Amino acid sequence: MTTQIKFTTAEEAVKVIKSGDHIHLSSVASAPQCLINAMCARGEAGELKDVHIHHLHTEGPAPYADEKFEGVFQLDSFFVGGNVRKVTQSGYADYIPIFLSETQRLYRCGAVPCNVAMIQVSTPDKHGFVSLGTSVDATLAAVETAEHVIAVVNKYVPRAFGQAMIHSSKIDIFVQDDKPLIEAHFTQPNATEEAIGKHCAALIEDGATLQMGIGAIPNAVLAQLGNHKNLGIHTEMFADGVLPLVESGVINGEAKNIDKGKMVSTFLMGSQRVYDFIDDNPAVLMMDVGYTNDPYIISKNDRVTAINSALQVDITGQVCADSLGTKFYSGVGGQIDFVYGASLSKGGKAIIAMPSMTNKGISKIAPVLSPGAGVVTTRNHIHWFVTEHGAVDLYGKTLQERARLIISVADPSAQEELDRAAFERFGPHHHYVKGYMKK
C-alpha cells in the first residue's frame, strides 16, 4: 500500500535550492530538464549564487553552464559530455577527475556534499516503488545522501530493475512532466572503424563477458559477433548495438559466474528501442556504479573483455583518454575500472582501441604524450592495443619491445618518425638501436 503522491510545479520545487548548495542531476537521457529550466530561471532572477552542479554525462541543454551564470552556477562535473565540453575548455566550468566507480563514493563519504538531488523516475507501481530508469550510476548515492530529493515523475522513464528500484518514500518533492527521453543516435562505422572492430572481435572468445562504451567502434565490434556463442554483458553502459545480438541469442549471459543470464549496466544512452528494451525487463539489472565498475566484482566473471578508446597513446603504452593540454574531452570515466577488472578476470582481456590517425591526418601514436595530456590508463595497466592496422599484446613486454609493437600498428606514414624517436629515446646502448639499424 502507498499514500497518494502530491505533485507541485517545477518552479515551486526548486525553491528548496539555496545559495551555496551542491546539486546532483541524474545523467544522460534522465537529466530533469523542467527542473533545470526552473533552477536557471531563479538564477536569472538573481535569487541564487555559488550553486555547484554535479553530474555525469548528460544529454540535452545544459543552460546552467552558460558563461552568463558565472558566479551563480558552477558546474563541477564528473564527466565532460559534448553539451558542456566547450564551456569546460574555456574555463567557465570544471570537472573532478575521478574513476567512475568512485563517483558514488564522493557523495557517500561526504567528499562532495549533496544538498539537492534532482532526478527523473518512472510512474509509481501499486507498491509505491519508482524506477531510476536509465540513470542509476551515482544518482542512487545522491538520493541516499541528499537533504532534499526532487523527482520528476515521467511516464516515459522505463521501469528498470536492479538497484534502480527505490520507494517513493525516499523522495521529498514530486513534479509531473511527461516528455519523451532524449534519444542518442550514432553514425555507422567507417572503413577504419570496421577494421578496428574486426581486430577486436577476433580477440573475443565464446562465453566472454563484454564491456564497451558507445559510438562507432563498439558498434563495429558488435557487428562482428554474430557467430559467437553465450556472450554476457557487465558494463557501465550499453546502446542499440547489443540488441540484435540479444534477439539472436548470442548475448544470453549463460556463461557468467555472477548475475547469470542478466545484462548488468549502470546507465544507458541510445534510441527509444533501448529504453523500451529495459522497460519491465527482468533480464536487465540497472545497478549502482559502485557495483558495475568495481574491478573485483567485474573480475568474478571469466573471460571479461573490456574495450575502451583513447585520444593518444605514446610508444611506451601511456594512454590519454580525458584531455589533451587545456582541452577536456570527457573525463576519467570507467576505463581503468574495467581495464583492471578484465586484467584480474580468468582469461580476461583489457583492450584499448583507437584509429591510428586523427581526422586531420595527425598520428594518435606519439613518441611522448602531448603536454597536459591526462593519463587514464598507465603503461603498467595496458594489455592489448588495437588500431586499424592490427592488435598487439603489450602485457609483460619491456619498454623497447612495447615501442616496436606499438609502432607496428601505427599508420605507415608515421612509423619512420616514431622509429627514430624510439631510437633516440632508448639511446645507443639499448637493444632498440640494433633493431633500428638493421633496417
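Considering only the range 63-71, I want to know if a residue exists there that is within 23 Å of F267 (Cα to Cα), at pLDDT 95 or above, out of contact with any Pro (no Cβ under 9 Å at 6 or more places or on another chain) and open to solvent by 30 Å² or more (accessible area, probe 1.4 Å). Checked the range 63-71: at least one residue is within 23 Å of F267 (Cα to Cα), at pLDDT 95 or above, out of contact with any Pro (no Cβ under 9 Å at 6 or more places or on another chain) and open to solvent by 30 Å² or more (accessible area, probe 1.4 Å).
When restricted to residues that are open to solvent by less than 10 Å² (accessible area, probe 1.4 Å) and either of a type in the set (A, V, I, L, M, F, W, C) or under 17 Å from V284 (Cα atoms) (or both), the range 116-166 contains 26.
Would you call I171 touching a residue at least 40 places away in the same chain (Cβ under 8 Å), open to solvent by less than 60 Å² (accessible area, probe 1.4 Å) and farther than 20 Å from A310 by Cα? Even if it seems obvious, please write down each step before you answer.
On the way: touching a residue at least 40 places away in the same chain (Cβ under 8 Å): yes; open to solvent by less than 60 Å² (accessible area, probe 1.4 Å): yes; farther than 20 Å from A310 by Cα: yes.
So I171 fits the description; yes.
Is it the case that the range 250-263 has a residue that's of a type outside the set (V, I, T) and crowded, with 23+ Cβ neighbours inside 10 Å? Yes: one or more hits. On inspection, K364 passes the criterion of being closer than 20 Å to A195 by Cβ, open to solvent by 10 Å² or more (accessible area, probe 1.4 Å) and touching a Pro at 6+ places or on another chain (Cβ under 7 Å).
Could you say whether any residue in the range 225-234 is over 18 Å from V28 (Cα atoms), touching a residue at least 40 places away in the same chain (Cβ under 8 Å) and either out of contact with any helix residue (DSSP H, G or I) (no Cβ under 9 Å at 6 or more places or on another chain) or of a type outside the set (A, V, I, L, M) (or both)? So far as the range 225-234 goes, yes, one or more of its residues are over 18 Å from V28 (Cα atoms), touching a residue at least 40 places away in the same chain (Cβ under 8 Å) and either out of contact with any helix residue (DSSP H, G or I) (no Cβ under 9 Å at 6 or more places or on another chain) or of a type outside the set (A, V, I, L, M) (or both).
Among the residues making up the range 297-309, those that are in a loop (DSSP other than H, G, I, E, B), open to solvent by 10 Å² or more (accessible area, probe 1.4 Å) and either under 25 Å from E193 (Cα atoms) or of a type in the set (S, T, N, Q) (or both) are S299, R303, S309. The residues in the range 175-211 that are open to solvent by 20 Å² or more (accessible area, probe 1.4 Å) and either closer than 30 Å to A151 by Cα or not small (G, A, S) (or both) can be counted, and the count is 21.
Could you figure out which of (1) touching a residue at least 60 places away in the same chain (Cβ under 8 Å); (2) in contact with a strand residue (DSSP E or B) (Cβ under 6 Å, 6 or more places away or on another chain); (3) crowded, with 21+ Cβ neighbours inside 10 Å; (4) not hydroxyl-bearing (S, T, Y) isn't true of L100? Checking L100 against (1) touching a residue at least 60 places away in the same chain (Cβ under 8 Å); (2) in contact with a strand residue (DSSP E or B) (Cβ under 6 Å, 6 or more places away or on another chain); (3) crowded, with 21+ Cβ neighbours inside 10 Å; (4) not hydroxyl-bearing (S, T, Y), the one that fails is (2). Pick out the one residue from D288, D280, D294, D337 that is of a type in the set (D, E, K, R), open to solvent by 50 Å² or more (accessible area, probe 1.4 Å) and within 23 Å of T134 (Cβ to Cβ). One residue alone meets the criteria, D280.
Kindly indicate whether any position in the range 354-363 is assigned to a helix (DSSP H, G or I), in contact with a helix residue (DSSP H, G or I) (Cβ under 9 Å, 6 or more places away or on another chain) and of a type outside the set (F, W, Y). Checked the range 354-363: no residue is assigned to a helix (DSSP H, G or I), in contact with a helix residue (DSSP H, G or I) (Cβ under 9 Å, 6 or more places away or on another chain) and of a type outside the set (F, W, Y).
The values are calculated or read from the model by the stated rules, or taken from the named source; none is laboratory data. Quick caveat, the model's predicted, so the values are computed rather than measured. Glycine gets a Cβ as well: all are built from the backbone with ideal geometry, and neighbour counts include every protein chain shown. These accessible areas exclude ligands, DNA and RNA; they are computed on the full protein's heavy atoms, side chains included. Shrake-Rupley method; radii C 1.70, N 1.55, O 1.52, S 1.80 Å.
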